[in-house]
Amino acid sequence: MSGEPSIFFSDVNERQGSFLRRTFVVGGLTALGITALTVRLAQLQVVQAQEYATLATNNQFNFRLVPPPRGRILDRNGVVIAGNRPSFRVLIVRDETKDLDQTLDLLGRLLPDTVDRRRSIIRDVNAAPRFNPVPVKSELTWEEFAKVNLYAPELPGVMADMNEVRYYPYTGAFAHVIGYVAKVSDRDVKAVRDRGEEPSPLLFNPGFRIGRSGVEKALDAELRGEAGGNRVEVDARGRVVAEDVGGSRPAVPGQEVVLTLDVDVQNRALEVFGDESGSCVVMDVRNGDILCMTSSPSFDPNLFVSGVPTRTYRALADYERKPLLDKAINGTFPPGSTFKPNTALALLEAGVDPSIRVVCTGAYRTGNRVQRCWGRHGPQNMHDAIKNSCDVYFYAMCNRAGVDKITETARAMGFEHTFDIGVDNQRKGLLPSTEWKRETYPNDPVWHPGETTSVAIGQGAVTVNALQLAVYTSRMANAKKAIQPRLIKSVGGVERPSGGEVPDLPFQPENIEYVRQGMIAVANDVSGGAYRQSQLGLGDIQMAGKTGTAQSRNYGSGSRKSNVWSQKDHNLFVAFAPVDAPRYAIAVIVEHGGRSGASAGAPRAREVMRTVLLKDPEMRERITRPLPPEPTGPEFDEITVGAAPEPDLPAPPEPQARTRRPAPTATSGPRPYLSEPPR
């Protein structure tokens with residue numbers, strides 16, 4: 001048609017030449033491509049064959065981290081007090097699920113309690129590394145475990161297996177001293193990085209747990225062990241199709257830790273407290289081993305392993321008796337009259353004659369201030385004052401030593417110290433002094449004699465914890481060595497140093513013995529403050545002790561009695577046994593017990609001490625041994641158990657007039673001040 005464009009070649013050769021040129025260009029390009037492809041294939045298959053074979057193998061096999069079994073914690077006799085037990089659990093692998101929400105919907109029908117934790121599960125799954133299984137629920141029952149496996153084909157990315165979890169068989173008995181483990185938090189990872197260290201891959205494993213308090217925290221590095229790994233074969237989507245057993249590496253369990261604690265003593269201590277709040281510490285006075293360190297009320301640390309519900313944690317945290325607080329080392333209390341043996345020792349070291357008598361009329365005046373005693377004891381020397389716990393004697397005599405001497409003596413006996421027992425979170429307490437007064441009260445820096453009177457009887461600003469009281473009693477019982485407490489017996493089979501390898505006490509032996517005789521009289525003289533409550537009933541084995549009742553508030557002009565728990569007095573008792581060859585010391589604090597140390601602290605100390613002595617083979621042999629016949633004759637007629645040594649010098653005349661001053665009446669001027677209620 002005339003309207004269509006046309007190409008006309010004037011020569012046939014011209015048409016053929018154009019075709020040949022196009023064929024040559026296309027052929028050249030094709031040849032060039034084939035040549036390049038051939039060269040590249042040769043490079044991949046010959047030159048880089050080994051490299052890509054290695055990469056292919058690495059893609060075929062994954063190495064999945066396996067957390068190591070945590071090291072066990074044992075008591076002194078090899079009883080497991082923190083171990084591991086098998087547990088069924090269900091896990092999700094995010095990269096193997098088609099739809100996470102749909103998978104969780106199906107899983108919620110099988111395990112209804114996962115519905116409430118759906119948001120936290122999604123958060124954990126999204127935060128986990130690729131192809132890393134994330135625990136959704138632990139502690140499955142056998143029925144739940146079987147149900148998940150039965151419906152496994154309908155739950156892509158979900159698996160159920162068995163693993164090891166931390167387990168505390170004695171629940172609350174060791175909760176504070178051992179502590180517990182918990183999930184790793186972002187703060188834990190940040191703390192590692194802040195130290196300039198690279199966080200271990202274990203910290204990012206959702207099933208891994210770290211020590212959160214107590215021994216579990218203090219020895220976390222030793223208890224962790226070394227991670228292992230499973231070498232598994234995966235398909236192109238990363239799903240496991242087989243396990244390479246030969247390429248897997250077993251995990252190395254953590255080191256075994258042996259404590260000096262005794263399961264039976266620890267359980268008995270928690271048992272005797274019942275619903276009361278307080279603490280109990282028992283020590284071997286020969287080497288410092290802590291046989292018992294309990295705090296009441298307690299809690300079940302197993303709740304924290306998988307994550308304690310918020311409602312449960314708030315109930316524990318808000319309870320007024322503070323079950324989460326370790327009262328043995330982190331709770332401080334006024335020592336009350338248990339501090340008086342320390343004051344007596346300070347007086348003796350200051351050169352005060354113990355035979356000096358002070359007449360107790362029930363009250364003592366310092367300036368315009370009146371301090372009362374819990375009774376009217378009449379003439380008292382130092383021995384009688386310890387036995388009868390007479391406040392007036394110590395009011396009248398304390399300033400002959402002075403507050404600094406009393407504080408210096410108390411520090412040497414173990415107060416205001418934190419001890420290297422392998423557990424942190426200890427509170428030092430407080431021993432006031434003239435220097436402390438200047439620093440704390442710059443507007444009134446002068447120490448007044450009337451302030452020493454409160455310190456002398458363990459009141460005022462003086463605060464201590466139960467471990468310090470036990471160390472103090474152990475040093476008093478040992479009478480020679482400045483015994484140090486020991487809680488960790490060995491780690492990984494390596495023994496820790498004994499608490500008996502320490503310097504001597506900086507006191508005259510005869511002074512310590514005088515005070516000890518006063519403590520013996522407290523528990524064994526029929527007129528002693530805790531005679532009835534201190535009888536062990538174990539043959540000829542006797543216990544020496546000292547009661548204490550400490551104010552928790554200022555009574556003012558009101559009654560010391562109260563039905564409000566938080567306003568009741570604290571009750572304390574310290575003791576050691578046997579009196580003739582001391583072996584064990586005990587300190588008991590009953591927080592807001594509302595009664596005297598003799599009626600609240602001493603009976604509990606007696607029951608725990610009985611358990612300790614009955615577990616000692618030498619003590620059991622002594623208990624079953626027939627008692628020797630009572631000595632007879634005129635020379636034995638006047639012997640009194642726990643009697644003070646006879647003074648070398650005759651007793652001085654009756655005390656000064658100020659110690660005879662009668663108790664003031666309501667119209668005599670100054671407001672009465674009760675320094676300490678009855679024991």
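Can you find even one residue in the range 647-659 that is at pLDDT below 65, open to solvent by less than 70 Å² (accessible area, probe 1.4 Å), touching a helix residue (DSSP H, G or I) at 6+ places or on another chain (Cβ under 7 Å) and farther than 20 Å from residue 526 by Cβ?
yes
Could you grab me the full set of residues in the range 535-572 that are over 29 Å from the mean Cα position of the chain (by Cα) and modelled with pLDDT of 75 or more?
535, 536, 537, 538, 539, 540, 541, 542, 563
Restrict the check to the range 379-392 and report whether at least one residue is assigned to a strand (DSSP E or B) and open to solvent by less than 30 Å² (accessible area, probe 1.4 Å).
The answer is yes; a qualifying residue exists.
Would you confirm whether or not the range 507-518 contains a residue that is under 33 Å from the mean Cα position of the chain (by Cα) and part of a loop (DSSP other than H, G, I, E, B)?
Checked the range 507-518: at least one residue is under 33 Å from the mean Cα position of the chain (by Cα) and part of a loop (DSSP other than H, G, I, E, B).
Can you pull out the strands (runs of 3 or more DSSP E) entirely within the range 141-237 that have at least 1 residues that are surrounded by fewer than 16 Cβ atoms within 10 Å (Cβ to Cβ) and over 23 Å from the mean Cα position of the chain (by Cα)?
Answer list for the range 141-237: 158-167, 228-234.
Going by the structure shown, is residue 320 farther than 30 Å from residue 96 by Cβ, at pLDDT 95 or above, surrounded by fewer than 20 Cβ atoms within 10 Å (Cβ to Cβ) and of a type in the set (D, E, K, R)?
Criteria not met by residue 320.
Tell me yes or no: at least one residue of the range 558-573 is surrounded by 15 or more Cβ atoms within 10 Å (Cβ to Cβ), among the small types (Gly, Ala, Ser), farther than 26 Å from residue 622 by Cβ and without any contact (Cβ under 8 Å) to a residue 40 or more places away in the chain.
Yes: the range 558-573 contains one or more residues that are surrounded by 15 or more Cβ atoms within 10 Å (Cβ to Cβ), among the small types (Gly, Ala, Ser), farther than 26 Å from residue 622 by Cβ and without any contact (Cβ under 8 Å) to a residue 40 or more places away in the chain.
So residue 614 ticks every box in (1) at pLDDT below 65; (2) surrounded by 10 or more Cβ atoms within 10 Å (Cβ to Cβ) but one. Which box is left unticked?
Answer for residue 614: the failing condition is (1).
Filter the range 326-375 down to the residues that are among the hydrophobic types (A, V, I, L, M, F, W, C), touching a strand residue (DSSP E or B) at 6+ places or on another chain (Cβ under 7 Å) and part of a loop (DSSP other than H, G, I, E, B) and list them by number.
If the condition is that a residue be among the hydrophobic types (A, V, I, L, M, F, W, C), touching a strand residue (DSSP E or B) at 6+ places or on another chain (Cβ under 7 Å) and part of a loop (DSSP other than H, G, I, E, B), then 328, 373 are the ones that fit.
I'm trying to understand the selection: among the residues of the range 305-323, which are touching a Ser or Thr at 6+ places or on another chain (Cβ under 9 Å) and either over 30 Å from residue 475 (Cβ atoms) or part of a helix (DSSP H, G or I) (or both)?
305, 306, 307, 320, 321, 323
Only one residue in 361, 409, 343 is within 14 Å of residue 457 (Cβ to Cβ), hydroxyl-bearing (Ser, Thr, Tyr) and either crowded, with 21+ Cβ neighbours inside 10 Å or at pLDDT below 95 (or both). Which one?
Answer to the selection: 343.
Among the numbered conditions (1) in contact with a strand residue (DSSP E or B) (Cβ under 7 Å, 6 or more places away or on another chain); (2) under 25 Å from residue 506 (Cβ atoms); (3) in a helix (DSSP H, G or I); (4) not aliphatic (A, V, I, L, M), tell me where residue 395 comes up short.
Condition not satisfied by residue 395: (2).
Looking at 515, 464, can you tell me which residue is within 25 Å of residue 436 (Cα to Cα), surrounded by 24 or more Cβ atoms within 10 Å (Cβ to Cβ) and β-branched (Val, Ile, Thr)?
One residue alone meets the criteria, 464.
Kindly state which helices (runs of 4 or more DSSP H) lie completely within the range 398-456 and contain at least 2 residues that are of a type in the set (D, E, K, R).
Helices (runs of 4 or more DSSP H) meeting the threshold: 403-412, 434-440.
Could you say which residue among 78, 108, 83 is open to solvent by less than 80 Å² (accessible area, probe 1.4 Å) and on the phi > 0 side of the Ramachandran plot?
After applying the criteria, what remains is 78.
Which one of these does residue 430 not meet: (1) closer than 22 Å to residue 573 by Cβ; (2) over 33 Å from the mean Cα position of the chain (by Cα); (3) open to solvent by 20 Å² or more (accessible area, probe 1.4 Å); (4) at pLDDT 95 or above?
(2)
Step by step: first the residues of the range 86-105, then only those that are in contact (Cβ under 8 Å) with a residue 24 or more places away in the chain, out of contact with any Asp or Glu (no Cβ under 7 Å at 6 or more places or on another chain) and of a type in the set (D, E, K, R), then the one that is most open to solvent (accessible area, probe 1.4 Å). Which residue is that?
Ranking the qualifying residues of the range 86-105, first place goes to 98.
Check residue 327 against each of (1) open to solvent by 60 Å² or more (accessible area, probe 1.4 Å); (2) of a type in the set (Lys, Arg); (3) more than 21 Å from residue 450 (Cα to Cα) and name the one condition it does not meet.
Failing condition for residue 327: (1).
The values are calculated or read from the model by the stated rules, or taken from the named source; none is laboratory data. Note that the structure is a prediction, hence the values are computed from the model and not measured. Counting neighbours? That spans all protein chains shown, and the Cβs are built from the backbone with ideal geometry, glycine included. Each accessible area value is taken on the protein alone, full model and side chains, heavy atoms only, with ligands, DNA and RNA left out. Shrake-Rupley method; radii C 1.70, N 1.55, O 1.52, S 1.80 Å.
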